[in-house]
1. Using R₀ = 30 Å, calculate the FRET efficiency as 1/(1 + (r/R₀)^6) where r is the Cβ-Cβ separation of residue 288 and residue 203; round to 0.05.
2. Could you pull out every residue, at least 5 positions away or on a different chain, whose amide H is within less than 5 Å of the one on residue 124? Hs are placed 1.01 Å off N in the peptide plane, and Pro or chain starts have none.
3. Cut-off 15 Å, label point 7 angstrom out along Cα-to-Cβ of residue 168: give me the residues of region 194-223 whose amide nitrogen falls inside.
4. Could you give the length gained by full extension between residue 134 and residue 19, i.e. 0.36 nm per residue of separation minus their alpha carbon distance, to one decimal place?
5. Counting Lys and Arg as +1 and Asp and Glu as -1, each charge on the Cβ, what is the dipole of region 44-95 about the Cα centre in debye, to the nearest 20?
6. Ignoring solvent entirely, what values of log10 I(q)/I(0) come out of the Debye formula for region 21-238 at 0.07, 0.08, 0.10, 0.11 Å⁻¹ when each Cα is a single scatterer?
Amino acid sequence: MPHSEPPPPAAAEPAATAALTDCVVVPRFIARAAARDGAEADALVRAAGLPTALRAPDTARMPSAGTFRLWREVLTRTGRADAGLLTAMRYRHGHFDLVDYLISTAPTLGEGLALGARHVHLVSSSSRLTTDVSGDEVTVTYDILRPDHEMRGVVAEFVLAVLTGQLRHGTGKALSPIRVSFAHRAPRRTTAHADCFGSARVDFGAPADTLTLHRRDLALPMVTADPALAAIIKRSAAAFPPPPLGPADPLPGLRTAILAQLADGRPSLSSTARSLAVSPRTLQRRLAESGTTWRAELDSVRRERSAGLRRSGTDSAQRAAARLGFAETRSLRRAMNRWDARDTGRAAAPAPRPEQEP
């Protein structure tokens, strides 16, 4: 049942953020790997609104949203839920430009992995890779900033399969992770998962998209190591720092977890904590340590999502309210007035009355 809650406290405004983009080599590879011929590849990128992707210079950037649309076209044409994995099987070293060489020229797997994670924005500013060492294991977590939730599973499978391919190329070994975990539900068939990840255990319905290796694997030497070329590649990569993306999540995947709940109309701290595999108290503590609150984070995600809906202009007020997790359109209007007041700098705007929210 809806209940009355005060508006969230005003949070510090983040620095201006850059549009999320992918290097053109990403949609180009996807289209060519998924297509039977050049004509079909061209049809795919045109249908996705990326008509120049096949012929643009390698330095060009394309909207990340366009890559998501491309994946949707690939799934529609192939009818394969495992299209991300099938596409990743076509990966060969060099397809992803500087990032491939940052990894392959490093002296060890661990250093290559660290460089790849640090510079993943070179191929996609909408992607984030983080590593966590715990005991005898190291876990790589993949997260997408402002994801397309329908395509998230396909993209996560593609990225972790390509990463496995990159590490196999660099070490010269048929390396298999200990396990690979995905946040989406288990598909009907998992043959392609075994083909991509070898003997790794593959889990579904996990809190995050992750790939876990033995800690000792970090010390594996890269047979492709090249100190002289590595120095040149690092200098080239340093010329392209990551774009400003605002503050990071207090917990990896927080914003994604909130977004997933908005459509259900009942976003809550407890359900978000459950999806992140932490207790509500731990989530509150991490939020406080980051100088924020649950209500402020929810408001921030709603505000960002609302901006996208307003740009598309395809939803009615009632449908937009539902997609943002509001119980009624009046609550959405009040929130939008508050967001607009911040945007225009009207510091003296009257405080809104308590609003009805789920």
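1. 0.45
2. Residues meeting the criterion, in which the H sits 1.01 Å from N, are 23.
3. Residues 194-201 fall inside that zone.
4. Using 0.36 nm per residue and subtracting the Cα-Cα distance, I get 38.0 nm.
5. Computed about the Cα centre, the dipole is about 80 debye.
6. Values returned for q = 0.07, 0.08, 0.10, 0.11 Å⁻¹ are -0.20, -0.26, -0.41, -0.50.
A short reminder: the numbers here are calculations on the coordinates, not readings from a lab. Keep in mind that what you see is a predicted model, and the values were worked out from it rather than measured. With ideal geometry, Cβ positions are generated from the backbone for all residues, glycine too; neighbour counts draw on all protein chains shown.
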